Amino acid sequence: MARVSNTPASRPEVIQSLIDGVDRYNPDNVSILEEYLATQCTNKECDTMANLAILKLYQFNTHLINDQVVNNILVKALTTLPEPDFNLCLYLLNEQLVTEEPVVRLIALQDLLEQARYADFWTAYEGDDIYKELTAEVLGFEESIRTNIANAVAMTFQSIELESLQRYVHLKGQALSDFIKAQGWTEASGVVAIPVNKDNEAKTTVLTENIKFEQLTKIIGHSNDA
Amino acid sequence: MNYEEDIDIASEVDLVVSAYPVQDDGLDEELLAADQTSQQYQEVQIPEVVKNFIVFFHRNVVENNVYELHQIYEHSFNKLTEKFYAKESWPEPEAISPLVNDDQVFLTLYRELYYRHIYSRLTPMIEHRFHSYENYCDLFNYILNSEGPVALELPNQWLWDIIDEFIYQFQSFCNYRNRIKNKTEEELAFLRDNSQIWSCYSVLNVLYSLIQKSRITEQLLVSKNGGDMQEAAGEYGSRPLYKMLGYFSIVGLLRVHCLLGDFTLALKMMDNIELNKKQALFARVTACHVTTYYYVGFAYMMMRRYADAIKAFSHILTFINRTKQYHTRSYQHDQINKKGDQMYALLTLCVTLCPTRLDENIHSQLREKYAEQSNKLSKPEEAMQVFEELFLFACPKFISPNGPNLDDPEVMNLTPFEPVQHYTKIFLSEVQHSILLPTLRSYLKLYTTMGNAKLASFLEIDPEQLRTLLMMSKIRSRQMKWVSGTLLEGEYQGTSDLDFCMKEDMIHISESKVGRRYGDWFLRNINKFQDILGGLELTTKA
């Protein structure tokens, strides 16, 4: 199914018509979008189009900027990596915001996640209390990050050492076993087996050309003339 | 139609304007006085042939003779510009007013050309910027707020140029306003008191109003899904002037949103325009066609949808190649070539970030223009510099929507916000992660299986670092790609011909290969046989 990235299954109608029309430029509507963001923060969904509309209003009306909202939008965008959402948000922020706390902190996290340096990400994240404060309003932040890391691992590996996986998802003991089970993976003697999927099968394919009959009508027609 | 930004011009403007002895709010009067002196000067100067031209021009506007206007607009005006006004402005509108019976509509159109000529050939001063804005307001007011639809008809090319130039001058003004150092007190006061002039909201308002008045969205939906076009278009939209202005405004919004760094919204503007449709309206004006694809491709690139960007750039570059002989004569030839070069540069970046087999013609052109840069992009130590160079050369001239806060007494001491630098920085921080990927790829291509540690030693990096690199490369090789529907829709697809998987510490590599192509072979041989048959028939006859 073709889809627009990060559209939740159900977008409220009022939000849909806001995003689609000229009302998205009306500063009075910012609170509706901000409330919608608050809902996303608690129900673990993410609607990037709607959140970009908030940043657009901030871009035009700098007096509206609410630092906490900007922060939450960026934290939300972190949970959607490797989608490009985080940078799409940065492009709408002014230089001052991007070069100051707390945004630089979040950029540091993004940097590690983008490079798939997952172990380093958890070290940084756990190493400073500020990160837990910044992500506090986004419910299930760690869980979302962990799910995305699991996706990256499942795309790359057919089997992986338990010890590496443990560092990537930052879980131990029973929690790790439960996590592995929840993904549908199996662990045996220190190695986790991941079922083959379309991304980790690495099958050699041969591209063959596909000529449709319609493309030949000219030639066939020509041979009749001769 | 001028894509160049006049960075060095700001200081000259300052010099000239500060030469006026201006009181606090007397700027306009002073400027008016200056206008009048130059007007008297101009009156004597108008050559007979130009006078005749203006009279002829006026008559054809009044008679709505679109065919003649096309000639006038694309040829005569430019010819006369070369001959008389290559280095000075066209006669002041007030000076030609008697020639056209003081026809205000014609004078507004004339001013549009008059200011556009100043922007493209000379140095626009602050009063030109303001008056040109006012003139656009007059023009759009006339079109949008007259009683009922206006009878005016203009060539499509001109209508496109009106929208294009309106946005260009907006962009030019934003950059001018951003450079507050070495502006005079008067200029600053003027900017402070007229903050609504060339504001984002006013520009968006014009473009959206044209879209609404023309009911172009409804018309596009009918042409896509069927229905009654007359009813959808309504009183205004059924006239070509409104329809085309509405349509061009959609492309205009695509551009404005790119300039403001909102790439998602930019592509959303195109929701109802089918890019793949033959005979799409944007193709009626070459400059519009090229602009559309440049901004669509650019927005895709910024959204990391490199495969879609490559497709957009390849499409339009093929078009430019094929139609070369037609537009060499056009006055827009240089602009189109420049945009073409920029798109080859962007294509070079995209192909580095997402290795793709290009169309043969495009590929050879790319090698011709950017072979050296292309090679450097695959070398980690040189890549970043080339990424920056090509991006700066090829990106749109981004704007800051608000400009500096002139009420802040500290503002003169702050470093001005440079939007282009800002966007470049974010883009570079993103591609920086990818600079090792071409090297990694070249190694992977040589093997079918390989130990992680061994490859790490080849690359001279830590084995753990290689693993993260491999994961990153895997993630980057899956992209959202357009399949059907609106431009923002897509499916996740693999975009690389090289794939791999890891079983613990062992990398298994697979490469997709292109099978033998039979079509070409058969076609060539069918032709050959036809020649032989033809030859045989001739010999039997003889």
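For every residue, the table says whether it meets (1) modelled with pLDDT under 90; (2) surrounded by fewer than 23 Cβ atoms within 10 Å (Cβ to Cβ); (3) in a helix (DSSP H, G or I).
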position: B:THR217; (1), (2), (3): yes, yes, yes
position: B:LYS224; (1), (2), (3): yes, yes, yes
position: B:LEU265; (1), (2), (3): no, no, yes
position: B:ASN272; (1), (2), (3): yes, yes, no
position: B:ASN276; (1), (2), (3): yes, yes, no
position: B:ASP308; (1), (2), (3): no, no, yes
position: B:ALA312; (1), (2), (3): no, no, yes
position: B:THR318; (1), (2), (3): yes, yes, yes
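Check A:LEU57, A:LEU88, A:LEU81, A:LEU92 and return the single one that is outside any helix (DSSP H, G or I) and closer than 30 Å to B:ASN205 by Cα. Show your work before the answer.
Details: A:LEU57 fails: outside any helix (DSSP H, G or I); A:LEU88 fails: outside any helix (DSSP H, G or I); A:LEU81 fails: closer than 30 Å to B:ASN205 by Cα.
One residue alone meets the criteria, A:LEU92.
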Only helices (runs of 4 or more DSSP H) wholly contained in segment B:88-204 count here; list those with 2 or more residues that are under 25 Å from B:GLY252 (Cβ atoms) and among the hydrophobic types (A, V, I, L, M, F, W, C).
B:104-121, B:126-145, B:156-178
Reported set for segment B:514-536 where residues are under 14 Å from A:THR208 (Cα atoms) and open to solvent by less than 50 Å² (accessible area, probe 1.4 Å) is B:GLY515, B:GLY519
Just checking, how many residues over segment B:237-259 are buried (at least 21 other Cβ atoms within 10 Å of the Cβ) and either aromatic (Phe, Trp, Tyr) or in a loop (DSSP other than H, G, I, E, B) (or both)?
3
Considering segment A:87-132 alone, what residues qualify as being of a type in the set (Lys, Arg) and buried (at least 21 other Cβ atoms within 10 Å of the Cβ)?
A:ARG117
Take B:ASP164 and decide whether it is at pLDDT 85 or above, surrounded by 21 or more Cβ atoms within 10 Å (Cβ to Cβ), within 23 Å of B:SER199 (Cβ to Cβ) and of a type in the set (Asp, Glu).
yes
Kindly establish whether B:ASN413 is at pLDDT below 85 and under 27 Å from the mean Cα position of the chain (by Cα).
no
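Just to verify a result, which residue in segment A:169-197, among those that are closer than 25 Å to B:GLN493 by Cβ and out of contact with any Leu (no Cβ under 9 Å at 6 or more places or on another chain), is least open to solvent (accessible area, probe 1.4 Å)? Walk me through it before giving the result.
Within segment A:169-197, the first condition is being closer than 25 Å to B:GLN493 by Cβ, and the residues that meet it are A:183-185, A:194-197.
This time we only want the ones that are out of contact with any Leu (no Cβ under 9 Å at 6 or more places or on another chain), so: A:183-184, A:194-197.
Values: A:GLN183: 66, A:GLY184: 45, A:ILE194: 10, A:PRO195: 69, A:VAL196: 96, A:ASN197: 52 Å².
Across segment A:169-197, the extreme among qualifying residues is A:ILE194.
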Check whether at least one residue in segment B:323-335 is assigned to a helix (DSSP H, G or I) and either within 26 Å of B:TYR201 (Cα to Cα) or open to solvent by less than 10 Å² (accessible area, probe 1.4 Å) (or both), and report yes or no.
no
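Looking only at segment B:193-208, decide whether some residue is farther than 29 Å from B:THR415 by Cα and surrounded by fewer than 19 Cβ atoms within 10 Å (Cβ to Cβ).
Checking segment B:193-208: at least one residue is farther than 29 Å from B:THR415 by Cα and surrounded by fewer than 19 Cβ atoms within 10 Å (Cβ to Cβ).
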Within segment B:218-244, the count of residues that are free of Cβ contacts under 8 Å to residues at least 24 places away in the same chain and not hydroxyl-bearing (Ser, Thr, Tyr) comes to 12
Among (1) open to solvent by 10 Å² or more (accessible area, probe 1.4 Å); (2) closer than 22 Å to B:LEU498 by Cα, which single condition is B:LEU377 missing?
(1)
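Select from segment A:40-83 the residues that are at the interface with chain B (Cβ under 10 Å from one of its Cβ atoms) and under 16 Å from the mean Cα position of the chain (by Cα) and write down the one among them that is farthest from A:ALA150 (Cα to Cα).
Here the answer is A:LEU52.
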List pairs: first residue in segment A:84-112 and more than 10 Å from chain B (Cβ to nearest Cβ), second residue assigned to a loop (DSSP other than H, G, I, E, B) anywhere in the structure, Cβ distance under 8 angstrom, at least six positions apart or on different chains.
A:LEU97/A:ILE65; A:VAL103/A:LEU93
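Quick check: anything in segment B:412-432 touching a Gly at 6+ places or on another chain (Cβ under 7 Å), of a type in the set (A, V, I, L, M, F, W, C) and surrounded by fewer than 19 Cβ atoms within 10 Å (Cβ to Cβ)? Reasoning before the result, please.
At the first step, the residues of segment B:412-432 found to be touching a Gly at 6+ places or on another chain (Cβ under 7 Å) are B:423.
Checking the rest, the ones that are also of a type in the set (A, V, I, L, M, F, W, C) come to none.
No - not one qualifying residue is present in segment B:412-432.
Conditions (1) open to solvent by 20 Å² or more (accessible area, probe 1.4 Å); (2) among the acidic types (Asp, Glu), marked per residue:
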| residue | (1), (2) |
| --- | --- |
| B:ASN452 | no, no |
| B:LYS474 | no, no |
| B:LEU487 | no, no |
| B:GLN493 | yes, no |
| B:GLU504 | yes, yes |
Could you check, for segment A:130-146, whether at least one of its residues is at pLDDT 90 or above, under 24 Å from A:GLU45 (Cβ atoms) and within 11 Å of chain B (Cβ to nearest Cβ)?
no
Of the residues A:ASN200, A:ASN210, only one is in a loop (DSSP other than H, G, I, E, B), open to solvent by 50 Å² or more (accessible area, probe 1.4 Å) and at the interface with chain B (Cβ under 10 Å from one of its Cβ atoms); which?
A:ASN210
For segment A:163-220, name all the residues that are among the β-branched types (Val, Ile, Thr) and without any contact (Cβ under 8 Å) to a residue 24 or more places away in the chain.
A:ILE180, A:THR186, A:THR204, A:THR205, A:VAL206, A:THR208, A:ILE211, A:THR217, A:ILE219, A:ILE220
With the condition kept exactly as written, say whether any residue in segment A:174-188 is over 26 Å from the mean Cα position of the chain (by Cα), modelled with pLDDT of 80 or more and either within 14 Å of another protein chain (Cβ to nearest Cβ) or assigned to a loop (DSSP other than H, G, I, E, B) (or both).
yes
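The values are calculated or read from the model by the stated rules, or taken from the named source; none is laboratory data. Computed from a prediction, not measured in an experiment: that's the story for all the values here. Here the Cβ is made from the backbone with ideal geometry for all residues, glycine too, and neighbour counts use every protein chain on show. For the accessible areas, the whole protein counts, side chains as well, though only heavy atoms, and no ligand, DNA or RNA atoms are used. Shrake-Rupley method; radii C 1.70, N 1.55, O 1.52, S 1.80 Å.
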